[in-house]
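The values are calculated or read from the model by the stated rules, or taken from the named source; none is laboratory data. Here the structure is a predicted model, which means the values were calculated and not measured. Note that we place each Cβ from the backbone using ideal geometry, even for glycine, and neighbour counts take in every protein chain shown.
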Amino acid sequence: MTTNILTTERLILRSVTESDFEPLFQMAFSDPDVMQHAFEAKVLSREEAMAFFLKDFDLEASGKKAGVIIEKSTGATIGFGGLIASSVFGEEDYEIGFVFAKDSWGKGYATEIGKAQIAYGLDTLGYERMLAFVAPKNLASVAVLKKIGMSHFKTIETQTRGPREVYAAFATNLLRADA
């Protein structure tokens, strides 16, 4: 059974079941265009994708891991996103994220789900800050992060994803786009 983690005007982010793996593998993990800025900038093998899916996706419906993004109007799975625990800076943080199938690009979905993830993490779960890690060359995602109220925080080099620009939204000073 799945649980809706959050909903927006056009999207649902929900927990996953194992049956969600294959559509995600086909639309995202195995597509070089989709994966060019994600993870290690390469497609994932079925084994790598399954390991990531089992570790970071919300099979327990906790609301604190990644889930599938569903387009409300069609019921179609169009990507994945959500909160992923991060200890990059030596403390418990949560990273927001979103990855969409190519045919969902350019529709404002990243902005919509990104705003909702920040509100969910800061307001609903009570976290002090939300982070987003983005490849420096992923200018579209950088623009989305700025649009949803995140500010550049640090530049880091990760072992698994290479260089990343880190953006942050803080509970104490976030200017809500909907306020």
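Scan segment 130-145 for residues that are over 15 Å from the mean Cα position of the chain (by Cα) and in contact (Cβ under 8 Å) with a residue 12 or more places away in the chain and jot them down.
P136, K137
Which members of segment 36-59 meet the condition of being of a type in the set (A, V, I, L, M, F, W, C), in contact (Cβ under 8 Å) with a residue 40 or more places away in the chain and within 21 Å of Y94 (Cα to Cα)?
A38, F39, F57, L59 - these are the residues of segment 36-59 that are of a type in the set (A, V, I, L, M, F, W, C), in contact (Cβ under 8 Å) with a residue 40 or more places away in the chain and within 21 Å of Y94 (Cα to Cα).
Evaluate the following for A51: is it at pLDDT below 95 and either in a loop (DSSP other than H, G, I, E, B) or within 15 Å of the chain's Cα centre (by Cα) (or both)?
Criteria not met by A51.
Would you check which residues across segment 110-120 are at pLDDT 95 or above and not hydrophobic (A, V, I, L, M, F, W, C) and list them?
The answer is T111, E112, G114, K115, Q117.
What number of residues within segment 65-90 satisfy the criterion of being surrounded by fewer than 19 Cβ atoms within 10 Å (Cβ to Cβ), of a type in the set (D, E, K, R) and in a loop (DSSP other than H, G, I, E, B)?
1
Answer yes if at least one residue in segment 91-109 is in contact with an Asp or Glu (Cβ under 6 Å, 6 or more places away or on another chain) and in a strand (DSSP E or B), and no otherwise.
Taking every residue of segment 91-109 in turn, none turns out to be in contact with an Asp or Glu (Cβ under 6 Å, 6 or more places away or on another chain) and in a strand (DSSP E or B).
Using the structure shown, decide if E95 is among the acidic types (D, E), surrounded by 15 or more Cβ atoms within 10 Å (Cβ to Cβ) and without any contact (Cβ under 8 Å) to a residue 40 or more places away in the chain. Write out each step before concluding.
Details: among the acidic types (D, E): yes; surrounded by 15 or more Cβ atoms within 10 Å (Cβ to Cβ): yes; without any contact (Cβ under 8 Å) to a residue 40 or more places away in the chain: yes.
Yes; evaluated as a whole, the condition is true for this residue.
Residue check: is G106 in contact with a Phe, Trp or Tyr (Cβ under 9 Å, 6 or more places away or on another chain) and within 30 Å of S19 (Cα to Cα)?
Considered against the rule, which asks whether it is in contact with a Phe, Trp or Tyr (Cβ under 9 Å, 6 or more places away or on another chain) and within 30 Å of S19 (Cα to Cα), G106 comes out as no.
Scan segment 112-128 for residues that are in contact (Cβ under 8 Å) with a residue 40 or more places away in the chain, in contact with a helix residue (DSSP H, G or I) (Cβ under 7 Å, 6 or more places away or on another chain) and either of a type in the set (V, I, T) or assigned to a helix (DSSP H, G or I) (or both) and report the count.
Summing the residues that are in contact (Cβ under 8 Å) with a residue 40 or more places away in the chain, in contact with a helix residue (DSSP H, G or I) (Cβ under 7 Å, 6 or more places away or on another chain) and either of a type in the set (V, I, T) or assigned to a helix (DSSP H, G or I) (or both) in segment 112-128 gives 0.
Given the criterion surrounded by 13 or more Cβ atoms within 10 Å (Cβ to Cβ), over 19 Å from G106 (Cα atoms) and of a type outside the set (K, R), identify the matching residue among S45, S19, S15.
Exactly one of S45, S19, S15 is surrounded by 13 or more Cβ atoms within 10 Å (Cβ to Cβ), over 19 Å from G106 (Cα atoms) and of a type outside the set (K, R), namely S15.
Before we move on, is E60 within 21 Å of F133 (Cβ to Cβ), part of a loop (DSSP other than H, G, I, E, B) and modelled with pLDDT under 95?
No: the conditions fail for E60.
Are any residues in segment 98-111 surrounded by fewer than 18 Cβ atoms within 10 Å (Cβ to Cβ) and touching a residue at least 40 places away in the same chain (Cβ under 8 Å), and if so, which ones?
K102
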